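Notes follow the structure.
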Amino acid sequence: SAQDKYEMEAADHLTPDRYFDRALATSLLERVMERLYLEHLQSPAAGRREQRRKEFELLKTHLAWDEDKIPYTVIAAELGITPGNARIKVQRLRKHFAGLLREELARICEPELFDDEWQALLQALHS
């Protein structure tokens, strides 16, 4: 998980502000992933619950910046769809993920600070 990755890094090279930013980013990501998963399970467009669970597990690999991604051809074969449809499903999941991440951030910061906080969040996730 993202939290495991951050905890494995030596904390002594992080300033308190950077450590806080990373902890906040990790917490937000965990909440967003949980919401995304639950919403995907409830989506009537995704089919039966077990099929939705399987679909989510395959598609979510394309949400991370540094994790191995399952090829679209493999996702397509597993789900019985075309690689093009797999790509579309990934794009939709990414868009929904970004929207939920923005919602979660907006809940905890002042509106006038949102853009700065968004940039800080992206920086914390990429560092």
Taking region 74-104 as the search range and keeping residues that are among the acidic types (Asp, Glu) and without any contact (Cβ under 8 Å) to a residue 40 or more places away in the chain, which one is nearest to residue 29 (Cα to Cα)?
103
Being within 22 Å of residue 29 (Cβ to Cβ), open to solvent by 30 Å² or more (accessible area, probe 1.4 Å) and without any contact (Cβ under 8 Å) to a residue 12 or more places away in the chain is true for just one of 107, 53. Which residue is that?
107
Inside region 1-38, the number of residues satisfying the requirement of being at pLDDT 85 or above and open to solvent by 40 Å² or more (accessible area, probe 1.4 Å) is 10
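The values are calculated or read from the model by the stated rules, or taken from the named source; none is laboratory data. Since the model is a prediction, treat every value here as computed from it, not as a measurement. Cβ: placed from backbone, ideal geometry, glycine included. Neighbour counts: every protein chain shown. These area figures cover heavy atoms from the full protein model, side chains too; ligands, DNA and RNA do not enter into them. Shrake-Rupley method; radii C 1.70, N 1.55, O 1.52, S 1.80 Å.
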